[in-house]
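Step one of this worksheet: look at the structure below.
The values are calculated or read from the model by the stated rules, or taken from the named source; none is laboratory data. This one's a predicted model, so the numbers in the text were calculated from it and none came from an experiment. Every residue, glycine as well, gets a Cβ built from its backbone with ideal geometry; the counts of neighbours run over all protein chains shown.
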Amino acid sequence: MKFYIWGLIFLGVTACTATFPECDREIADFVPKEKVFLDTDFENFAQKNFPKKCVWFDLESVSDGDTIVLGDTTRVRFIGIDTPETVHPSKPIQFCGPEASEWTKKVFKGEKKVCLIYDKLSDKRDTYDRRLAYPFTEEGIDTTAELLKTGLARGYFYFPFSRKEEFRMYHDRAKSQKKGVWGSKKEECVF
């Protein structure tokens, strides 16, 4: 028993007098840094997927900035973005909503077909039973990415999709440049 007590005392004394090695690093070295993405960090989605992964449909109309209607009346919501409302039954027309809707109508004007590219990480349909996809024009314009780049849409990052970091970069760049929805609501929507 005496040996046990003396052992505990010895351990306590040596532990209390132990010295720690000096550290040359600053506390800031341990704080995670935000990764800055460049356009070159991402593969060119359009070039890699258009037209070989296209599923072609007849295009009926454009509902608003981020929703189109196919020839069979199926509604398609653009993955990863949200444009300001123009046709929502319980919300007023939002700032830059008419411009986003007009941009989408203009880019699909005269188009008879639309290319839908699906995302393996995304759900197939949203809560309103709209099909989820990346719509491309017949010429290969990546409409979701372009709406983000111009600031006519915000990134919608609540659900998984494979282009999330790419879209976050476009979203953040438009926001820092105060384009579109990120501009002054006292002025007209500039994109």
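Taken over the range 97-112, the residue count meeting the criterion of being out of contact with any Ser or Thr (no Cβ under 8 Å at 6 or more places or on another chain) and either of a type in the set (A, V, I, L, M, F, W, C) or surrounded by 13 or more Cβ atoms within 10 Å (Cβ to Cβ) (or both) is 3. When the range 54-76 is filtered for residues that are among the aromatic types (Phe, Trp, Tyr) and either out of contact with any Lys or Arg (no Cβ under 9 Å at 6 or more places or on another chain) or surrounded by fewer than 15 Cβ atoms within 10 Å (Cβ to Cβ) (or both), only 56 remains. Among the residues making up the range 132-151, a single one is in contact with a strand residue (DSSP E or B) (Cβ under 7 Å, 6 or more places away or on another chain) and surrounded by fewer than 18 Cβ atoms within 10 Å (Cβ to Cβ): 138. Using the structure shown, decide if residue 101 is in contact with a Gly (Cβ under 6 Å, 6 or more places away or on another chain) and modelled with pLDDT of 95 or more. Yes; evaluated as a whole, the condition is true for this residue. Restricting the first residue to the range 156-171 and requiring it to be on the phi < 0 side of the Ramachandran plot and surrounded by fewer than 20 Cβ atoms within 10 Å (Cβ to Cβ), which pairs with a second residue that is part of a helix (DSSP H, G or I) and modelled with pLDDT of 95 or more meet a Cβ separation below 7 Å and a spacing of at least six or different chains? Here the result reads 157/164; 157/168, each pair linking the range 156-171 to a residue that is part of a helix (DSSP H, G or I) and modelled with pLDDT of 95 or more.
Of the candidates 82, 123, 129, the single residue that is touching an Asp or Glu at 6+ places or on another chain (Cβ under 7 Å), closer than 22 Å to residue 159 by Cα and charged (D, E, K, R) is 82. Taken as a whole, the condition of being closer than 23 Å to residue 44 by Cα and in contact (Cβ under 8 Å) with a residue 40 or more places away in the chain applies to residue 135.
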